[in-house]
Amino acid sequence: MSSLSVFVEGIGLWSPALGDFAALRAQEHGQAVTPPPAKLPATFLPANERRRAPESVLLAVEVAGQAVAMSERSASELPCVFSSAYGDQLISDYMCATLALAPTELSPTRFHNSVHNAPAGYWTIATGCHAASSAICAGPASFGAGLLEAASFSQAEQRPVLLVCSDIAGSGPVGEMNGSRTNFGCALVLAPEQGLHSLAKLVLTLEPHAGLALHPGPPSGAWHEANATAASAWPLLQNLAHGEGHCTLAAAATLALRVSMEKVA
Amino acid sequence: MSVPIQPLAVSAYTATSALGHGLESHVAALAASRGALRPNDFSSAPLACWIGRVDGVEEASLPAAHAVWECRNNRLAWLGLHQDHFLERALDARQRYGAARVALVLATSTASMGATEEAYRRLDEQGQIPPDLRRPLIHSPHSLAGFVAEALGLEGPCLTVSTACSSSAKVFANAERLIRLGLVDAAVVGGVDTLCDSVLFGFNALELVSPEPCRPFDQARRGISVGEAAGFALLERIEAAPRALRLLGYGESSDAHHMSTPHPDGLGAELALRDALARAGLRADQVDYINLHGTASHKNDEVEAALIARTFPASTRASSTKGYTGHTLGAAGILEAAFSLLAIQYGLVPGSLGCTTPDAACGPQLALENEQRQINVALSNSFGFGGNNACLAFGRAPA
């Protein structure tokens, strides 16, 4: 088998211009959209955790919370996959700078917040979720690989799964290495079977040896080129906003993932 | 409750740690109860602690074709791939199934962070990363899997799992799902983590680093010793290797408790354990050996000891091997999977090196000295920051 199907039950989205999926849909239908406030609400976190949590966690929790709310599923029951191409780049910059100057002054809190699974940790703690949680990356293919991982989990285990893909803007010398210049996150609740809350059916097909087809085109100046996750997720999110369409995502360096969207009956 | 899975063949595996390069050196060290921790000679500034450092990493330069991936973590990966004929076995699987039908799922907690740290120690006059390290691929958490995918020429699903110290146990679960769904026919799984300032000074800041060689489960334990390791395994359907040792099951769970301390009752650890037994179709009393997470941190060992004491009969033997290798973080899952497989293969329960007076929470299962006995089923526990837990179950092919 080289294809599998999942049903989308919830969609979360955050960028400096779009505060949720409704805003994207409005924009795609030609309506004016008010940008969200700069401060991420991340209301799924208790207030004290929200103060402590780093930016990468606030972003991931915000979009995760939106998707779960839309699905009307219980967050505590959902296995979750958190994907990020670069993790918390602000903390990476802080840690490397501190280690170069005064290593024994490294902040213990920032150290434990530096793990790639910090968003998964904060999320499962805030929602009381004891299910499997994962944190993954796949370079520029992190969104497609995350979608494949969450969909295969959902189908193999016959359980709904939360997928969260997010990257914050980079900072410092290491930030310049990956060109991530803006915050972007999106999240999907994916179910193995059609249900009352199904918004769309996604048929995922692996198309190997697709190297050249996956090379990005020349930069067009579009905003989503300033974030690895935004650039790769954007075609699918637009299809979701329009309710139809096909797109091809990178799932690995030469592995394409064709995503065909079908309306649900 | 999870349902039993079809076991998978572990048709090849290998490990490289402070104990040596490849499995033979590990068996020899365990049999002789010879640990490999040394006073810290690694960090860029002095830090009084003990580490599990792999010899020869600095010399294991990458072939020119892969020079863009050069960094110490990928050197350890390259060194590890060459032990126990693993590279040949992986290439053979690629040949048999096709490059797109073999998944690559690798774990790391810090990937090539050591190279980024080095770049910050010698920024150029403009405050930028110096030219020789201005290679974006190595300043990404996907550096390890990206390099190994290229080195093995694999073109199937390729994923980095980074859930701190449970990472390289979880890769077995990712691979099993992909094989079960028929998306691939085989998977190379594993993990590589190298020593770097981030983890040495990070765990030091959390006051979790022991000033002496770590002593898992001992009453007088004073914290962890950080180590490094590389390990890999090749997973296939059992028809492809009917006599090979097997992955029988796995469990995954979340504590939902705290970012850096375990649930006080071991709730998540127990859920992962029960999940693994359910998938393997096993009762607790069928488990012969458990390679414990046993980091020698005060909390982990207390919670894990109580879980083992209340769940298993005394005939189940349990030990931590971190006294031999140190805590190899994102590589601990695969290294200790290898110890569990070796335990079955050689009938060897390794003693808990460093433990002389067990914590009061320990039950009669804890093996202090080496024991020789038939081992048919072995478990391996791996727990990480963020309350991320995994448990693996391995066994032998039926006689």
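The values are calculated or read from the model by the stated rules, or taken from the named source; none is laboratory data. Note that the coordinates shown come from a computational prediction; the quantities given were computed from them, not determined experimentally. Note that each Cβ is placed from the backbone with ideal geometry, even for glycine, and that neighbours are counted across all protein chains shown. These area figures cover heavy atoms from the full protein model, side chains too; ligands, DNA and RNA do not enter into them. Shrake-Rupley method; radii C 1.70, N 1.55, O 1.52, S 1.80 Å.
Summary of computed values
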| item | result |
| --- | --- |
| Residue list for the range B:348-365, filter: open to solvent by less than 10 Å² (accessible area, probe 1.4 Å) and closer than 20 Å to B:Leu23 by Cβ | B:Val349, B:Pro350, B:Gly351 |
| Filter result for A:Leu148 (touching a helix residue (DSSP H, G or I) at 6+ places or on another chain (Cβ under 9 Å) and more than 7 Å from chain B (Cβ to nearest Cβ)) | no |
| Selection within the range A:129-138 - among the small types (Gly, Ala, Ser) and under 13 Å from the mean Cα position of the chain (by Cα) | A:Ser134, A:Ala135, A:Ala138 |
| Tally, over the range B:194-241, of residues that are within 27 Å of B:Asp359 (Cβ to Cβ) and within 12 Å of chain A (Cβ to nearest Cβ) | 10 |
| Segments classed as strands (runs of 3 or more DSSP E), wholly inside the range A:182-265, with at least 1 members that are over 19 Å from A:Ser5 (Cβ atoms) and open to solvent by 10 Å² or more (accessible area, probe 1.4 Å) | A:245-250 |
| Any chance B:Thr328 is closer than 22 Å to B:Glu270 by Cα and either modelled with pLDDT under 95 or not aromatic (Phe, Trp, Tyr) (or both) | no |
| Count - residues of the range B:141-161 that are touching a helix residue (DSSP H, G or I) at 6+ places or on another chain (Cβ under 7 Å) and either facing another protein chain (nearest Cβ under 7 Å) or among the hydrophobic types (A, V, I, L, M, F, W, C) (or both) | 14 |
| Filter result for B:Leu123 (out of contact with any Ser or Thr (no Cβ under 7 Å at 6 or more places or on another chain) and surrounded by fewer than 20 Cβ atoms within 10 Å (Cβ to Cβ)) | yes |
| Criterion (among the hydrophobic types (A, V, I, L, M, F, W, C) and either in contact with a Leu (Cβ under 8 Å, 6 or more places away or on another chain) or open to solvent by 10 Å² or more (accessible area, probe 1.4 Å) (or both)) met by exactly one of B:Ala187, B:Ala173 | B:Ala187 |
| Flag for B:Ser109 being hydroxyl-bearing (Ser, Thr, Tyr), within 28 Å of B:Arg237 (Cβ to Cβ) and either more than 7 Å from every other protein chain (Cβ to nearest Cβ) or surrounded by 24 or more Cβ atoms within 10 Å (Cβ to Cβ) (or both) | no |
| Residue ID - farthest from the other protein chains (Cβ to nearest Cβ), chosen from residues in the range B:369-396 that are assigned to a loop (DSSP other than H, G, I, E, B) and open to solvent by less than 10 Å² (accessible area, probe 1.4 Å) | B:Ile375 |
| Condition met for B:Pro136 (more than 9 Å from chain A (Cβ to nearest Cβ) and surrounded by fewer than 23 Cβ atoms within 10 Å (Cβ to Cβ)) | no |
| Residue satisfying all of: in the range B:9-55; within 14 Å of chain A (Cβ to nearest Cβ) and touching a helix residue (DSSP H, G or I) at 6+ places or on another chain (Cβ under 6 Å); nearest to B:Leu206 (Cα to Cα) among these | B:Leu47 |
| Qualifying residue in the range B:27-34 (condition: assigned to a loop (DSSP other than H, G, I, E, B), touching a residue at least 24 places away in the same chain (Cβ under 8 Å), of a type in the set (S, T, N, Q) and open to solvent by 20 Å² or more (accessible area, probe 1.4 Å)) | yes |
| Among the candidates A:Val164, A:Val174, residue that is closer than 30 Å to B:Gly114 by Cβ and out of contact with any Leu (no Cβ under 9 Å at 6 or more places or on another chain) | A:Val174 |
| Which listed residue, of A:Thr109, A:Thr127, is among the β-branched types (Val, Ile, Thr), in contact (Cβ under 8 Å) with a residue 60 or more places away in the chain and open to solvent by 10 Å² or more (accessible area, probe 1.4 Å) | A:Thr127 |
| Any hit, the range A:60-75, residues being within 23 Å of B:Thr108 (Cα to Cα), surrounded by 24 or more Cβ atoms within 10 Å (Cβ to Cβ) and in contact with a strand residue (DSSP E or B) (Cβ under 7 Å, 6 or more places away or on another chain) | yes |
| The one condition in (1) open to solvent by 20 Å² or more (accessible area, probe 1.4 Å); (2) over 16 Å from B:Thr321 (Cβ atoms) that B:Ala12 fails to fulfil | (1) |
| Test: A:Leu190 is modelled with pLDDT of 95 or more and within 13 Å of chain B (Cβ to nearest Cβ) | no |
| Checking A:Ala100 against (1) open to solvent by 10 Å² or more (accessible area, probe 1.4 Å); (2) within 24 Å of B:Ser167 (Cα to Cα); (3) at pLDDT 95 or above, the condition it does not meet | (2) |
| Pairs, first touching a residue at least 60 places away in the same chain (Cβ under 8 Å) in the range B:77-97, second surrounded by fewer than 18 Cβ atoms within 10 Å (Cβ to Cβ) and not in a helix (DSSP H, G or I), C-beta under 6 Å, six or more apart | B:Trp78/B:Leu62 |
